[in-house]
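Here is the structure we will look at, set down as structure tokens.
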Amino acid sequence: MFHQRTFVSVAAGLVLLATVVGTPAQDRRHQPSPANTLVTANPSGWLQTTTPGGSIDTANPFFQSFGPNGRTCDSCHRQAQGWSITPDELRQRFARTNGNDPIFRLVDGAVSPRADVSSLYARRIAYSMLLNRGLIRVGMPMPANAEFRLTRVDDPYGYASASDLSLFRRPLPSTNLIWLTAVMWDGRETVAPFKPPMDAGINHEDIIESLASQARDAILGHEEAAVAPDASVIDRIVDFELHLFTAQLIDQDAGKLNAEDGMGGASILAQQRFWVGINDTLGGDPTGDAFDEKAMRLFDEWNVPGAQFSHDRGERARAAVARGEQLFNTLPIAISGVAGLNDVTGLPVIQGSCSSCHNAPNIGNHSAALPVNIGIADASRRTPDMPLYTLTNNATGRSVQTTDPGLALRTGKWADIGKFKGPILRGLAARAPYFHNGSAATLMDVVDFYDTRFNVHMSGQQKSDLVAFLSAL
Ligand code: HEC
Ligand code: HEC
């Protein structure tokens with residue numbers, strides 16, 4: 001079964017290469033040179049990462065192991081998978097190593113730290129969350145003095161308790177970090193709220209300090225190191241990751257994403273203007289500028305009238321990407337029931353679009369930290385492989401069920417249950433599945449989620465246009 005999968009993805013890669021090679025002469029320059037290690041294949045095209053030195057410095061401690069379990073940052077943050085990991089690649093890694101690659105470790109790779117990993121068969125079950133969904137078990141205790149208590153645990157793996165809740169989460173990409181406004185899904189490694197600097201654009205101190213803390217904790221936690229390495233080592237890791245920029249460069253249908261005046265790819269991304277609060281939806285841009293819903297302007301020039309009828313397949317595909325971008329910016333969404341947004345503004349319904357929440361221009365996260373609950377961890381969306389927690393409010397006695405309390409496990413606040421940050425939306429095609437718990441296997445599943453959650457009633461064409469756009473990011 002595993003070999004077959006490997007074969008299928010290799011075959012897909014060859015078809016892709018053949019497509020790129022087989023295009024007309026003037027397009028042949030679009031093919032990445034095999035020697036260019038900064039460009040990697042993925043199911044919908046090619047991903048590009050840029051670095052100041054023009055290559056990936058694999059001598060950086062990012063690629064070194066500091067603990068006894070053999071793991072490095074690269075165990076869970078892989079360039080070709082958009083600096084995250086994918087179930088496909090993990091299944092290949094499992095098959096190649098009989099489930100012994102360092103990512104397969106009890107501490108947080110398994111469904112429970114007490115899982116049986118004594119045989120190949122047992123390991124396949126123990127590491128099923130990695131193999132099926134690319135999920136790592138983040139263990140966190142109930143916070144002291146929380147406004148709620150844990151009244152019931154339904155853990156299919158018989159482990160989770162108030163002292164160690166199992167939260168199954170996707171590794172966030174360790175790239176494009178210069179634009180983060182919160183570090184980790186629940187923002188717990190954000191050392192201080194990032195303030196908008198008025199001059200340079202980005203306050204490097206805040207982000208460097210946060211990423212240093214994050215790297216130290218990753219080495220002590222994921223890598224199980226007994227002591228943290230020297231500050232100089234941490235500094236080198238942070239310096240390395242802060243200089244990575246990643247985006248899709250070539251789409252198998254639309255072609256080169258920075259051709260024909262398109263602005264895709266990592267080299268253009270690296271030039272992106274940004275400051276904390278830029279284009280703030282709620283009017284908080286420190287420059288005083290109003291929110292512009294056209295947050296994404298990468299493919300404006302591909303909006304050629306009549307292109308959908310073109311005989312050129314590439315031109316039709318580029319038109320779909322451009323339509324998708326327009327939908328992202330302007331397709332009306334009646335945002336309701338989103339804790340962190342509707343309650344904060346006092347508006348039961350906010351007439352917005354995708355860019356209301358993904359407002360950082362051409363980057364797609366929220367330009368100021370804004371943890372919100374869009375319902376990904378709701379009990380109604382729980383699948384049998386996920387633990388379910390019942391939380392009861394100390395003051396009101398009300399209960400809610402969730403697969404992941406999110407921000408509330410940090411703050412202890414009832415209102416923060418289920419809140420997560422919106423991640424950066426670049427390099428998406430390389431790193432399925434999506435959302436903090438990997439519940440959307442494909443970008444179409446992401447779009448379907450929004451269509452249902454907010455009753456948008458998108459047409460099939462609108463959905464596929466949105467997917468074409470998201471795949472090109
Ligand atoms: C065993 C897998 C694993 C290893 C090893 C690992 N990470 Fe991660 N990383 C994750 C997961 C899972 C998350 C998200 C966790 C969360 O938000 O609760 C994450 C999040 C991050 C983030 C946050 C990005 C963002 O958008 O907020 C950064 C940066 C990062 N990791 C860097 C590193 C570095 C540097 C190392 C090595 C020192 C490392 N990671 C090792 C799994 C791993
Ligand atoms: C109300 C705010 C809000 C709106 C509106 C919104 N998003 Fe999101 N988006 C989020 C948050 C928050 C997350 C992370 C949620 C989680 O994982 O729990 C997210 C996650 C995503 C992801 C997954 C990224 C990843 O790395 O896993 C994609 C893709 C995405 N959104 C695209 C869209 C599109 C397309 C639309 C419009 C159809 C949209 N979003 C509308 C807030 C929003």
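The values are calculated or read from the model by the stated rules, or taken from the named source; none is laboratory data. The shown structure was predicted, so the numbers you read here are calculated from the model rather than taken from an experiment. Virtual Cβ from ideal backbone geometry, glycine too; neighbours counted across all protein chains shown. The protein model used for the area step is the full one, side chains on, heavy atoms only, and it has no ligands, DNA or RNA in it. Shrake-Rupley method; radii C 1.70, N 1.55, O 1.52, S 1.80 Å.
For this structure, a couple of remarks:
- Taken over the range 328-351, the criterion of being assigned to a helix (DSSP H, G or I) and open to solvent by less than 10 Å² (accessible area, probe 1.4 Å) is satisfied by Phe328, Asn329.
- Qualifying positions in the range 251-271 - on the phi < 0 side of the Ramachandran plot and open to solvent by less than 10 Å² (accessible area, probe 1.4 Å): Ala254, Leu257, Gly262, Gly264, Ala266, Leu269
- The residue of the range 326-343 that is modelled with the lowest pLDDT, among those that are out of contact with any strand residue (DSSP E or B) (no Cβ under 9 Å at 6 or more places or on another chain) and of a type outside the set (Phe, Trp, Tyr), is Asp343.
Per-residue answers, yes or no, for (1) within 11 Å of ligand 2 (Cβ to nearest atom); (2) in contact with a Gly (Cβ under 7 Å, 6 or more places away or on another chain); (3) over 27 Å from Ser112 (Cα atoms):
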position: Gly346; (1), (2), (3): no, no, yes
position: Gly352; (1), (2), (3): yes, no, yes
position: Gly364; (1), (2), (3): yes, no, yes
position: Ala369; (1), (2), (3): no, yes, yes
position: Ile374; (1), (2), (3): yes, no, yes
position: Asp385; (1), (2), (3): no, no, no
position: Ser399; (1), (2), (3): no, no, no
position: Asp404; (1), (2), (3): yes, no, no
position: Gly418; (1), (2), (3): yes, yes, no
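- Of all residues in the range 305-327, none are within 16 Å of ligand 1 (Cβ to nearest atom), buried (at least 19 other Cβ atoms within 10 Å of the Cβ) and of a type in the set (A, V, I, L, M).
- Search result, residues across the range 112-143 that are more than 16 Å from ligand 2 (Cβ to nearest atom), surrounded by fewer than 20 Cβ atoms within 10 Å (Cβ to Cβ) and assigned to a strand (DSSP E or B): Gly139
- The number of residues in the range 389-405 being surrounded by fewer than 18 Cβ atoms within 10 Å (Cβ to Cβ) and within 27 Å of the chain's Cα centre (by Cα) comes to 3.
- Check on Ala160, crowded, with 20+ Cβ neighbours inside 10 Å, more than 16 Å from the chain's Cα centre (by Cα), away from ligand 1 (no atom under 14 Å from the Cβ) and in contact (Cβ under 8 Å) with a residue 40 or more places away in the chain: yes
- Scanning the range 272-304 for residues that are out of contact with any helix residue (DSSP H, G or I) (no Cβ under 9 Å at 6 or more places or on another chain) and either touching a residue at least 24 places away in the same chain (Cβ under 8 Å) or surrounded by 14 or more Cβ atoms within 10 Å (Cβ to Cβ) (or both) gives Arg273, Trp275, Gly277, Ile278, Asp280, Gly284, Asp285, Pro286.
- Figure legend. Inter-residue proximity from the range 401-415: first residues under 8 Å from Pro143 (Cβ atoms), second residues within 13 Å of ligand 1 (Cβ to nearest atom) and open to solvent by 10 Å² or more (accessible area, probe 1.4 Å), beta-carbon distance below 6 Å, spacing 6+ or different chains. Indicated pairs: Leu409/Met140; Arg410/Arg188.
- Close pairs (8 angstrom Cβ cut-off, 6 or more residues apart or separate chains): farther than 21 Å from Leu131 by Cβ in the range 170-181, away from ligand 2 (no atom under 13 Å from the Cβ) and of a type in the set (Asp, Glu) anywhere: Ser174/Glu241; Thr175/Glu241; Leu177/Glu241
- Among the residues making up the range 419-468, those that are part of a loop (DSSP other than H, G, I, E, B), farther than 22 Å from Pro387 by Cβ and of a type in the set (D, E, K, R) are Arg426, Arg431.
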